[in-house]
Amino acid sequence: MPRSTGRSTVLCFSAIFMFAVSGQVFPSVLSQLPGSAVEHGLLLFALFLFFPIASAGAGFVADRIGKKRMLVGGALLMSLTFLISTFVSSIGLWILAVLFLGVGSGVVEGQASAKLADLHPGSESRYLNASQSFYSGGAVIGPFYIYALFKVFPGIRLQTAFLTVCLMNLALVVGLLLLEEKPAARRTPTPASLTDLLRDREWRIVGLALFIYVAEEMGTASWLEKYAREALGLAHPLTAVYIAVFWLGLGISRTLVGLGLLKLEGKRILVLSVVS
């Protein structure tokens with residue numbers, strides 16, 4: 001593998017890692033933020049509102065300006081979220097900031113995966129599976145970082161935690177400027193309309209499964225902190241560890257799926273996952 005390709009691969013993995021870290025900071029400190037449960041719910045709603053739109057729409061823009069610029073822009077938006085959060089305490093402005101995080105995260109997650117595919121034509125599945133380990137690792141580190149920060153420095157201000165995440169995202173921006181500008185391998189497109197896809201029974205089943213899975217994953221992860229605090233009686237920052245354990249389990253399962261669960265068929269893996 002050329003040195004520049006290896007460096008760009010590491011940068012894409014780092015972008016996915018930081019996207020996951022950033023996305024778990026707000027749920028991990030939810031009990032420390034001002035506002036009611038309804039306002040906290042709006043905060044989480046804002047986080048996920050534009051994520052899928054940005055993730056899908058970024059591809060059209062990237063075709064015109066390039067994935068490197070999209071990744072840099074997405075990382076800058078993630079930095080902006082925590083920069084705003086460092087200096088304001090209004091729930092309204094926090095909701096606006098988290099909207100930026102949703103857009104930036106959608107861009108970074110989608111374009112980092114697409115860039116990995118460009119860098120490794122013919123080995124896309126292997127590298128995309130590997131990227132899921134970095135996503136899960138970041139989702140574990142995010143809450144655990146909050147726990148460690150407040151445990152080591154009990155008097156630390158929440159804004160200081162936000163500022164450190166902002167600086168980490170800015171470091172990612174600097175790194176992404178070194179990405180290799182390698183065009184995607186040309187492939188012969190296969191025409192397919194949304195109507196054709198909706199007529200495909202397997203596509204409908206997989207699409208429904210993905211919809212339910214993401215709804216359960218994001219819904220569960222977002223409210224674990226509240227459940228740990230109110231139902232289990234855990235105190236902050238121990239609630240952050242509770243969230244980290246959830247993502248650790250998810251990371252283990254994704255690693256096993258990447259290994260093919262000892263060569264089981266994909267259909268059987270899906271059935272086992274739904275049952276569990």
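The values are calculated or read from the model by the stated rules, or taken from the named source; none is laboratory data. Just so it is clear, the structure is predicted and the values come from calculations on it, not from any experiment. All Cβ positions, even for glycine, are placed from backbone atoms using ideal geometry, and neighbour counts span all protein chains on display.
Couple of notes before you dig in:
For every residue, the table says whether it meets (1) crowded, with 22+ Cβ neighbours inside 10 Å; (2) in contact (Cβ under 8 Å) with a residue 40 or more places away in the chain.
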| site | (1), (2) |
| --- | --- |
| Val38 | no, no |
| Gly66 | no, yes |
| Val88 | no, no |
| Glu109 | yes, yes |
| Ala117 | no, yes |
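- Residues that are under 24 Å from Gly249 (Cβ atoms) and surrounded by fewer than 19 Cβ atoms within 10 Å (Cβ to Cβ), drawn from the range 142-175: Ala148, Leu149, Lys151
- The one condition in (1) assigned to a helix (DSSP H, G or I); (2) without any contact (Cβ under 8 Å) to a residue 60 or more places away in the chain that Pro34 fails to fulfil: (1)
- Test: residue in the range 60-74 that is over 16 Å from the mean Cα position of the chain (by Cα), at pLDDT 80 or above, of a type in the set (Phe, Trp, Tyr) and over 13 Å from Val108 (Cβ atoms): yes
- Listed by position, the helices (runs of 4 or more DSSP H) contained in the range 165-268 that have at least 1 residues being at pLDDT below 65 and more than 23 Å from Leu42 (Cβ to Cβ) are 194-199, 238-258, 260-263.
- The listed residue being more than 21 Å from Ile243 (Cβ to Cβ), among the small types (Gly, Ala, Ser), more than 16 Å from the chain's Cα centre (by Cα) and modelled with pLDDT under 80, out of Ser31, Ser89: Ser89
- Identity of the residue in the range 104-131, modelled with pLDDT of 85 or more and assigned to a loop (DSSP other than H, G, I, E, B), that ends up farthest from Phe82 (Cα to Cα): Pro121
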